[in-house]
């Protein structure tokens, strides 16, 4: 298959998984599994006799870990193909090293892959000794599970950076509380300690960031969410959210405004200092 065909299939698969979540169904991959393998003396080799469908479901305790590995692997394959990279199996077998956890200060969750790539290029993770992850929009199960496990293992503060709109704020709430349709596993799919770094309406005023031209829609639904209602500061911020502003909008002020001004000031307020 051509790489475009593979990427299209993976993208369609995740569209189907998203539809399953919206309809309240559990996530499920359908895989083919060898039914029977036996040795044929006449051929002097092993042959396969038939296949059966294997259902790998996230809400099934027995297959949950398999589902997460499949999820991670498919996302990795998609990124490798999109970047036109060639990697070996050792590169894929990433190890999670916690030996230097004393040196880490924070976990930064960013909404979009474009911002993630920009921060890595600017070596923000080295300058501020932080882990940067992204769910490339609305995070999948693997990303939410990874974040939860990292937060538990490393005991680091977690902050979220997303666009100044209803979509960006909903992504933050998904990391924070989990999704309503997957409430049966919220303890493993949510990070209750995650803080909203921005972009907030206060940022636009304080940093003189230009407003967008498109009005924010869907704020009424957000205001009805239990967590938002019981957090006065968030209620106040959401009410001030009038026009859409993406994180890239900060670059209209200066090409490196995000990495050289906005994030350093935000991190300074969190008690972090630039290590260079």
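The values are calculated or read from the model by the stated rules, or taken from the named source; none is laboratory data. Small disclaimer: the values here were computed from a predicted structure and weren't measured. Virtual Cβ from ideal backbone geometry, glycine too; neighbours counted across all protein chains shown.
One residue is enough: does the stretch 179-196 have a residue meeting the conditions at pLDDT 80 or above, touching a helix residue (DSSP H, G or I) at 6+ places or on another chain (Cβ under 7 Å), under 24 Å from residue 252 (Cβ atoms) and in a loop (DSSP other than H, G, I, E, B)? No, because not a single residue in the stretch 179-196 is at pLDDT 80 or above, touching a helix residue (DSSP H, G or I) at 6+ places or on another chain (Cβ under 7 Å), under 24 Å from residue 252 (Cβ atoms) and in a loop (DSSP other than H, G, I, E, B). For the stretch 104-156, the tally of residues that are in a helix (DSSP H, G or I) and either within 18 Å of residue 250 (Cα to Cα) or not assigned by TED's automatic domain parsing to the domain that holds residue 262 (or both) stands at 10. The listed residues are 248, 242, 260, and the only one of them that is surrounded by 12 or more Cβ atoms within 10 Å (Cβ to Cβ) and farther than 23 Å from residue 173 by Cα turns out to be 260. Within the stretch 197-234, can you find the residues that are part of a helix (DSSP H, G or I) and over 24 Å from the mean Cα position of the chain (by Cα)? Within the stretch 197-234, 202, 204, 205, 206, 220, 229, 232, 233 meet the criteria. The set of residues in the stretch 73-92 that are at pLDDT below 75 and either in a loop (DSSP other than H, G, I, E, B) or in contact with a helix residue (DSSP H, G or I) (Cβ under 7 Å, 6 or more places away or on another chain) (or both) comprises 86, 87, 88, 92.
Taking the condition out of contact with any strand residue (DSSP E or B) (no Cβ under 8 Å at 6 or more places or on another chain), outside the structural domain of residue 141 (by TED's automatic domain parsing) and farther than 17 Å from residue 136 by Cα, does residue 20 pass?
Details: out of contact with any strand residue (DSSP E or B) (no Cβ under 8 Å at 6 or more places or on another chain): no; outside the structural domain of residue 141 (by TED's automatic domain parsing): yes; farther than 17 Å from residue 136 by Cα: yes.
Spelling it out, it is not the case that residue 20 is out of contact with any strand residue (DSSP E or B) (no Cβ under 8 Å at 6 or more places or on another chain), outside the structural domain of residue 141 (by TED's automatic domain parsing) and farther than 17 Å from residue 136 by Cα.
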